[in-house]
1. Starting at the first residue of the range 148-155, write each ³J(HN,Hα) from the Karplus equation 6.51 cos²θ - 1.76 cosθ + 1.60 with θ = phi - 60°, in whole Hz, x for Gly and Pro.
2. Karplus couplings for the range 75-89 from phi (6.51 cos²θ - 1.76 cosθ + 1.60, θ = phi - 60°), rounded to Hz, Gly and Pro as x?
3. What does the C-alpha gyration tensor say about the overall shape of the range 97-198? Classify as rounded when a/c is under 1.5, otherwise prolate if a/b is larger than b/c, or oblate.
4. So how do Met122, Met194 line up by other beta-carbon neighbours within 10 Å, fewest first?
5. Please give the length that would be gained between Tyr103 and Lys179 if that part of the chain were fully extended, namely 0.36 nm times their separation in residues minus their C-alpha to C-alpha distance (nm, one decimal).
6. Taking amide H atoms as placed 1.01 Å from N in the peptide plane, list the residues 5 or more away in sequence, or in a different chain, whose amide H sits under 5 Å from that of Gly183.
7. Once a ≥ b ≥ c are taken as the square roots of the eigenvalues of the Cα gyration tensor of the range 60-133, is the result rounded (a/c under 1.5), prolate (a/b larger than b/c) or oblate (a/b not larger than b/c)?
8. Taking 0.36 nm per residue of sequence separation and subtracting the Cα-Cα distance, how much length would be gained by fully extending the chain between His172 and Phe119, in nm to one decimal?
Amino acid sequence: MYKFLFLTVYFSTLFLDSFSQEEIKGFEDIKHRIGLQIGFGGQEELLLPIDYDYKVWFFQLQYFYALHSRKYWGIELLAQPQYNLTRFKILENKGNDSNGYEYGLNVGVLLRVNFFKDFMSMYGFASVGPHHIPKTPIRQAKGFIFSDNFFGGFHFRLMKNTYLDIRAGFRHVSNAGIKKPNGGINTHVLSAGMMLNL
């Protein structure tokens, strides 16, 4: 998995850089950005009493729109259409894994702080959005759900207007009580990808 992630990030850098502009622009000069994220989520570090094991592999496209930009900070709208692969099992029945998938769209607000003449930025964001999950652990009804995300991360400039994007955070999915059961699924997430200034 880690080799796949590294190769994806490396070749994405080469691909995105070939389309980037020659001039290196500062964060305050950019209105639109696009990106790609690949990540993994699980419960191992949540320290919560759980009766299930739910793992998710993320494949997210990203669109950043600057709402307010200054030299050292900015506020952006972030949209993340995604298709995710899942695997889960009830811990009492360790031999019975179930594979599945999710798809949906998250929209949120990102707060960015810039450092070192646009070489690096630190950010945090919260997002929510509708998703569909055909298979879930018994604690959560399948079908329509909401995905709530809270993340922090860094962008590091690699070349021209192309940035490495690394983040970690917390994700909660549930259906807001529309259908029972609604125990929710919580995961910690690590992900990496690329961002390109347009």
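Read the figures in this text as sums done on the coordinates, not as results from a lab. Only a predicted model underlies this, so the values are computations on that prediction, with no experimental measurement involved. When we count neighbours, we look across all protein chains shown, and the Cβ atoms used for this are built from the backbone with ideal geometry, even at glycine.
1. Those phi angles translate into 9, 10, 9, 9, x, x, 9, 10 Hz.
2. Working through the residues one at a time gives 10, 9, 8, 10, 10, 9, x, 8, 10, 10, 9, 10, 8, 8, 7 Hz.
3. Prolate, because a/c is 1.5 or more and a/b exceeds b/c.
4. Starting with the residue having the fewest Cβ neighbours, the order is Met122, Met194.
5. Once the chain is fully extended between Tyr103 and Lys179, it gains 25.5 nm.
6. Gln140, Ala141
7. prolate
8. Working: separation 53, 0.36 × 53 = 19.08 nm, distance 3.20 nm.
In short, 15.9 nm is gained.
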